[in-house]
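Heads up: the structure comes next, in structure tokens.
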Amino acid sequence: MKFLHCFCVVDSSLRILWVGGDWDDFALRNGGTSILANDVLATRLTDYITDNATAGTVQQMVAAVIDTQGSLRMDYRCDGPEELRRFRLTIKPMKDGRVIMVHELRDAIRLDPPMGAWSFDPAAQSRKCSVCGLVHAPDGPWIDPTLPGVRHPPLVRYTVCPSCITRIELAIAGILDGAEAGEVGELILKAGFSRT
Ligand SMILES: [Zn+2]
């Protein structure tokens, strides 16, 4: 895997001022053919987020970092149908009310067999957490689609699941309270995967 880390600098309105690292590779890997580095400058980060819950969460985290001049760290999943991928996002304050957001790949595990492929549909009944990657069919539990015997819903809309909302709120409360860095609790990596 080529992608190791990428970063972007945003202001308090989430306007993108700079991107760097392996941004293009990151965007292409996540299906973002239209959001290559040259195209995103001066646009807003929230232009690329399809749901209010995720956009609101990012906005809250950036605002807390600007307010407190502390840092936030959050592990998240950004899986593909054939690969479970764990990333760490670190948001650090910069001068003049700006922050730098760094995404680092922590772990990539080949899924055998792969999950079913899925697409985004704003009208989908099933939801997928944009932070931990768990999926939720109507009336079902939040469940990890990489577990054996679980089928990934073919159409999903994105949101933030209740347990991620709680973890992020606690981390934000931590830095607002004066902790040096707000740590969003680590995602549990389920056992039973073979590493590539
Ligand atoms: Zn979640």
### Query
If you plug each phi of region 79-95 into the Karplus form 6.51 cos²θ - 1.76 cosθ + 1.60 with θ = phi - 60°, what whole-Hz ³J(HN,Hα) values come out, in order, with x for Gly and Pro?
7, x, x, 10, 8, 8, 10, 10, 10, 10, 9, 10, 10, 10, x, 10, 6
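For region 44-85, would you read off the P(r) tail past 17 Å as a percentage of all alpha carbon pairs? Spell out each step's value before the answer.
Details: 412 of 861 pairs.
Tail of the P(r) past 17 Å holds 48 percent of the pairs.
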### Task
Give the long-range amide H neighbours of Gly21: residues separated by 5 or more places, or on another chain, with amide H under 5 Å away, using H modelled in the peptide plane at 1.01 Å from N.
Phe7
### Summary
Residue separation between Glu169 and Arg73 times 0.36 nm, minus their alpha-carbon distance, gives in nm 33.3 nm
### Query
Amide H of Tyr158: which non-local residues (sequence gap of 5 or more, or other chain) have their own amide H closer than 5 Å, using H built in the peptide plane?
Lys128
### Task
Order the peptides 134-140, 81-87 from the highest to the lowest mean number of other Cβ atoms within 10 Å of their residues.
81-87, 134-140
## Note on the structure
One quarter of the C-alpha convex hull surface, i.e. the mean projected area of region 18-153 in nm², amounts to 9.1
### Using θ = phi - 60° and Karplus 6.51 cos²θ - 1.76 cosθ + 1.60, couplings along region 104-111 (whole Hz; Gly, Pro as x)
10, 6, 9, 6, 9, 10, 5, 9
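Bear in mind these aren't lab numbers, they're just calculated from the coordinates by the rules spelled out. The structure presented is a predicted model; accordingly, all values stated were derived computationally and were not measured. Because the Cβ atoms are built from the backbone with ideal geometry, glycine has one as well, and the counts that use them run over all protein chains shown.
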